[in-house]
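None of the figures in this text is laboratory data; all of them are computed from the coordinates on show. Bear in mind the structure is a predicted one, so any value in this text is a computation, not a measurement. FYI the Cβ positions are ideal-geometry reconstructions off the backbone, even for glycines, and counts take in every protein chain you see.
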Amino acid sequence: MWQRGYHRAVSSLSLRGIRKTLGANAILKGIDLEVPDGSLTVLVGPSGCGKSTLLRTIAGLESPDTGVITLGDRDVTRAEPRDRDIAMVFQSYALYPHLTVRENLAFGLRLRKEPEKLIRARIEEVSAMLGLDTLLDRLPRDMSGGQRQRVAMGRAIARRPKLFLFDEPLSNLDAALRNQVRVEIKKLHATLGATMIYVTHDQVEAMTLADQLVVLSAGTIEQNGPPLTVYAQPVSRFVAEFLGSPSMNFLEATVAKDTRTLRAEGLSLTLDPARFVSLKPDQRVLVGLRPHDVQPALDGPAMLTLAIDVVEAMGFEAFAHGHVAGSHFIARLSSEAHALPKPGDTLGLTLADDRVYLFDPESRRSLARSVP
Amino acid sequence: MTPLQRPPPLPWRMAAHAAVIAAVGFALYPVLWVVSLALDGAQRPSGRALPWPVAPSLDHFRAVLFAHSREGTWLFARQLTNSIVVSAMTALTAIAIATPAAYALARFPKFVGAQSGTKALLATQMFPGVASAIPLYILLDKLHLLDTQLGLILVYATTAVPFAIFQLRGAFESIPKDLEEAAMVDGATRLQAFVRVVLPAARPALAVTALFAFMSAWNEFILAATFLSHESAFTLPVALQRHVGEYDAAWGRFAAGSIIVSLPVMALFYALQKNLVGGLTSGGVKG
């Protein structure tokens, strides 16, 4: 069976100043990134942020205008895709339609003229690992989406490449299957110990899979680090809004004379000044509050007042949609704790654990002191 | 359509069937007449409304199949060979030239001359082939290619290639780029990706395009009649026409010959129908 770290060659990846322009559009505006050997790095961002182009550049399917790509200790910036020793799982799976599953798995090995015995052994290994045994003689058109997805992963694994690239591999699966395969990819990464780069626009995939989370926006890296760190200490409103579901709420507020109280209509918050850069009286700030960090003010004064429009009960929790100080606001409520409020009600909320995020309304950067 | 939808009432269905049967009869009537003529031993067309032979016999078929020239050449075998060689070589030439051209136009639509080249190809399709019959005749004469298979193949290929390029460009455009990119990441050169992934995926389109080129060469009459003057160089359509001469119209033999000429085309259609219908690319990528 597979040993952890089957590939002993060092397969760290390093990107230096990668720029790419297509036509008049700057797609990548200077990307610097280190992908450590054996890590699972997730590139996440909204459509058009350049994440797929970056992945294709690493694969060699696009070539950067400037910059250097180093794989292991080799400069592969101008190398052909076939000379990079990488494997890619495409969003569309891109299975060879005229070949059986067995021949799809063997394709890369045959091109490299590996001995037949080794090819057979690899096919056996991979099909056992992914449960493809009974599908080996089928054509792609005779399989379900989930099965095709497995074959696409198997085709990558059979090659034992230095680096695995995943381009939104789950986006064509239904929700239940997506959760299942996501866990499998995580296991696979643990089993293989291989270096993997994974592109997605889904923040759940990004948070759950990543060792290293790279948030991209408009062709630049917005923030980069362990997923929980990025989640807890977003450097900008963009990152804060992108991670977490439902998204963070944002309210405009003014700093009071004491420089530690924030005020807006329906809002009165006292801050721990140690957590933020020094604020000036009357300074405008953008307050960020995650729906999961607020709770009903049952026995204390309310910090904010939510005018409720809609309540979505999910069973073990509920989301109250409404307005605070004229801005749309979502609060998470635990359903069993108390009777749920109704549309038209107002609800006093307090904060759990002082979890306030502050951003500059102009630059949209975080005003936290401890930002990485 | 919902499963609960009731079938239309009986009179409606009967009327629809009657209309379809009438349409089929309308389309088949002349064909049935040809079959009837071919099988009729009578010297003159009977002029009856019903396409049924008056004196059934296979004489016309025998006459067409076993005709010999004055020198003793078995003409039908010779002319059949001519037709097969010319049509098959036309199809092969068209595919061989059009495949790389169409692939280039599909995948690199911005290379120098791609736009104007495509327009020029389109322009060649706008003129009827007969328009160039005289210049072509002079060209072939100078090249000593009159009455040769090669001459005819070259002429047919000039019209078959542009058509094949348009057909195949569409086919290549419909094959997802992901497939080639997957092959290239897997270790293929661009050429290997083309040969081992794109061409197999385009097989149905290649088959259909080849069939069209073959058929248009097989059925072509005017140019063949212009460039060929010796009986032994004739293709079948030219040979066929000679049965209906100025002083003697052997309609029976003409009809028998027509049927013989259409059989191979029908057989090809039958053999390739899977490719005509099936889409081999389905299943490779999502959807």
(message) If every alpha-carbon in chain A counts as one equal scatterer, what log10 I(q)/I(0) does Debye give at q = 0.07 1/Å?
(response) -0.41
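What size of dipole, in debye to the nearest 20, comes out for the range A:13-235 about its Cα centre when the only charges are +1 on Lys and Arg C-beta atoms and -1 on Asp and Glu C-beta atoms? Before the final figure, lay out each step's value.
Working: 29 positive and 26 negative charges, 99 e Å.
Dipole about the Cα centre, nearest 20: 480 debye.
Can you give the mean number of other chain Cβ atoms that lie within 10 Å of the Cβ atoms in peptide A:83-92?
Details: counts 1, 2, 1, 2, 4, 6, 2, 8, 3, 9.
The mean count of partner-chain Cβ atoms within 10 Å per residue comes to 4.
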(request) Would you kindly derive the ³J(HN,Hα) couplings of the range A:16-25 from the backbone phi angles with the Karplus curve 6.51 cos²θ - 1.76 cosθ + 1.60 (θ = phi - 60°), listing them in order in whole Hz, with x for Gly and Pro? (result) 10, x, 6, 10, 8, 10, 10, x, 8, 9
(request) Pick out, in residue order, every one of the GluC sites (Glu not before Pro) in the range A:140-248 that is DSSP loop and has at most 13 other C-beta atoms within 10 Å; say none if there are none. (result) none
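Suppose every Lys and Arg Cβ carries +1 and every Asp and Glu Cβ carries -1, with no other charges. What dipole size does the protein assembly as shown come out with about its Cα centre, to the nearest 20 debye?
Working: 65 positive and 57 negative charges, 234 e Å.
Roughly 1120 debye for the protein assembly as shown.
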(message) From the phi angles alone, apply the Karplus equation (6.51, -1.76, 1.60; θ = phi - 60°) to the range B:48-57 and give each ³J(HN,Hα) in whole Hz, x where the residue is Gly or Pro.
(response) 7, 6, 7, x, 9, x, 6, 10, x, 7
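Which whole-number percentage describes the relative contact order of the range B:10-57, with Cα contacts under 8 Å and a sequence gap of 6 or more?
Numbers: 27 pairs, mean separation 15.1, N = 48.
With pairs under 8 Å counted, the relative contact order is 31 percent.
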(request) Highest first, please rank the peptides A:286-294, B:10-18 by the mean number of other Cβ atoms sitting within 10 Å of their residues. (result) A:286-294, B:10-18
(request) Quickly estimate the mean residue ellipticity at 222 nm for chain A, helices only: each DSSP H run with n ≥ 4 gives -39500 (n - 2.57), and the total goes over all residues, rounded to 500. (result) -7000 deg cm²/dmol
(request) Over 29 Å between C-alpha atoms is what I'm after, so list which of B:Lys119/B:Lys274; A:Lys117/B:Lys177; B:Lys119/B:Lys177; B:Lys177/B:Lys274; A:Lys20/B:Lys177 land there. (result) B:Lys119/B:Lys274; A:Lys117/B:Lys177
(request) Run down the aspartates and glutamates and flag those whose C-alpha is under 18 Å from the C-alpha of A:Lys280, throwing out any fewer than 8 positions away in its chain. (result) A:Glu252, A:Asp258, A:Asp272, A:Asp360, A:Glu362
(request) Take each complete run of DSSP H in chain A, measure how far its Cα atoms stretch along the helix's own axis, and keep only those covering 27 Å or more with mean Kyte-Doolittle hydropathy at least 0.0; list them. (result) none
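Determine the dipole magnitude for chain A: charges of +1 sit on the beta-carbon of Lys and Arg, -1 on that of Asp and Glu, nothing else is charged, the reference point is the Cα centre, and the result goes in debye to the nearest 20. Working shown, then result.
Details: 45 positive and 43 negative charges, 279 e Å.
Value, rounded to 20: 1340 debye.
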(message) With unit charges on the beta carbons (Lys and Arg positive, Asp and Glu negative) and the dipole taken about the Cα centre of the range A:1-124, which residue among A:Ser47, A:Pro115, A:Pro64 sits farthest to the positive side?
(response) A:Pro115
(request) Just rank B:Trp251, B:Trp52, fewest to most, by other beta-carbon atoms within 10 angstrom. (result) B:Trp52, B:Trp251
(request) Give the percent of DSSP beta bridges with both residues in the protein assembly as shown that are antiparallel, rounded to the nearest 5. (result) 80 percent
(request) Please list, or write none, the aspartates and glutamates whose alpha carbon is within less than 20 Å of the alpha carbon of B:Lys110, excluding same-chain residues fewer than 8 places away. (result) A:Glu62, A:Asp65, B:Glu173, B:Asp178, B:Glu180, B:Glu181
(request) Please give the average number of partner chain Cβ atoms lying within 10 Å of the Cβ of each residue in A:263-276, rounded to a whole number. (result) 0
(message) Can you give me the long-range amide H partners of A:Thr195? Hydrogens built in the peptide plane at 1.01 Å from N, cutoff under 5 Å, separation of 5 or more residues or another chain.
(response) A:Gly38, A:Phe164
(request) Give the order of A:Glu125, A:Glu116 when sorted by the count of other beta carbons within 10 angstrom, beginning with the fewest. (result) A:Glu116, A:Glu125
(message) Could you tell me which residue out of B:Val208, A:Phe276, B:Ala239 lies farthest along the dipole of the protein assembly as shown toward its positive end? Charges go on the beta carbon: Lys and Arg +1, Asp and Glu -1, centred on the Cα centre.
(response) B:Ala239
